[in-house]
1. Kindly evaluate residue 118 against the criterion of being closer than 20 Å to residue 137 by Cβ, hydroxyl-bearing (Ser, Thr, Tyr) and touching a Gly at 6+ places or on another chain (Cβ under 9 Å).
2. Any residue at all in segment 12-33 that's out of contact with any helix residue (DSSP H, G or I) (no Cβ under 9 Å at 6 or more places or on another chain), in contact (Cβ under 8 Å) with a residue 60 or more places away in the chain, β-branched (Val, Ile, Thr) and under 19 Å from residue 112 (Cβ atoms)?
3. What do you reckon, is residue 54 among the aliphatic types (A, V, I, L, M) and in contact with an Asp or Glu (Cβ under 7 Å, 6 or more places away or on another chain)?
4. Those residues that are of a type in the set (Lys, Arg) and outside any loop (DSSP other than H, G, I, E, B), I need them from segment 58-85; list them, please.
5. Could you check segment 17-34 and list, in sequence order, the residues that are not in a loop (DSSP other than H, G, I, E, B) and not basic (Lys, Arg)?
6. Look at segment 46-74 and say how many of its residues are surrounded by 15 or more Cβ atoms within 10 Å (Cβ to Cβ) and within 15 Å of residue 154 (Cα to Cα).
Amino acid sequence: MTEDGSARAIAAAERLGLAHTVTRHGRVGSLAEAAAARGVEPRAVVKTLVVRLADDDYRFVLVPGDREIAWPKLRALLGVNRISMPSAEVAYEATGYVRGTITPLGSRHAWPVIADATLSGPISLGGGAHGVALTVDADDVVRVLGATVADVTEPVG
């Protein structure tokens, strides 16, 4: 599981007509480092989390860097009692990306996307490989991915 999926993610952004800027930087160890390397505020570093509703039923959740999933809100939105985070191996099988590089762009399967309602303006998504990011407009990502926008996060801490 060391595949560099950046070409696949970038090609998907291009196929979707998504205006984007690619940033390549070394590995980072914190949200602050990622934001500095990408030239954005920490809230604009968007984590793409994969959640499992059932066997072979996943969702991408776009979470601003300074926030975390509010599990009761996400369960209520999806109408389920239980959601889990898949193992790294299962996440790779579901998306084709290793954890820390996951993006809905170019995923093996076009799982539904949920975008937190606080996303706005320029955001920086993972680009399919460690140290690769795509800066895009939040509204454009929501539109091209057909994402559901909802209040599904809370501030970290």
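1. Values: closer than 20 Å to residue 137 by Cβ: yes; hydroxyl-bearing (Ser, Thr, Tyr): yes; touching a Gly at 6+ places or on another chain (Cβ under 9 Å): no.
No: the conditions fail for residue 118.
2. Looking through segment 12-33, none of the residues is out of contact with any helix residue (DSSP H, G or I) (no Cβ under 9 Å at 6 or more places or on another chain), in contact (Cβ under 8 Å) with a residue 60 or more places away in the chain, β-branched (Val, Ile, Thr) and under 19 Å from residue 112 (Cβ atoms).
3. Numbers: among the aliphatic types (A, V, I, L, M): yes; in contact with an Asp or Glu (Cβ under 7 Å, 6 or more places away or on another chain): no.
Here the answer is no, as residue 54 does not meet what is asked.
4. First, pick out the residues of segment 58-85 that are of a type in the set (Lys, Arg): 59, 67, 73, 75, 82.
Matches in segment 58-85: 59, 67, 73, 75.
5. Residues of segment 17-34 that are not in a loop (DSSP other than H, G, I, E, B), as a first pass: 21-24, 31-34.
Residues satisfying the conditions are 21, 22, 23, 31, 32, 33, 34.
6. Taking segment 46-74 first, the residues surrounded by 15 or more Cβ atoms within 10 Å (Cβ to Cβ) are 46-53, 58-70, 73-74.
From what is left, the residues that are within 15 Å of residue 154 (Cα to Cα) are 46-47, 49, 61-70, 73-74.
Within segment 46-74, residues that are surrounded by 15 or more Cβ atoms within 10 Å (Cβ to Cβ) and within 15 Å of residue 154 (Cα to Cα) number 15.
Residue-wise test of (1) touching a strand residue (DSSP E or B) at 6+ places or on another chain (Cβ under 8 Å); (2) free of Cβ contacts under 8 Å to residues at least 12 places away in the same chain; (3) not hydroxyl-bearing (Ser, Thr, Tyr).
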residue: 100; (1), (2), (3): yes, no, yes
residue: 116; (1), (2), (3): yes, no, yes
residue: 125; (1), (2), (3): yes, no, yes
residue: 135; (1), (2), (3): yes, no, no
residue: 143; (1), (2), (3): no, yes, yes
residue: 152; (1), (2), (3): yes, no, yes
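Quick note: the coordinates plus some simple rules give every number you see, no bench work behind them. Not measured: the values here are computed from a predicted model. Positions of Cβ are backbone-derived with ideal geometry, glycine not excepted, and every protein chain shown enters the neighbour counts.
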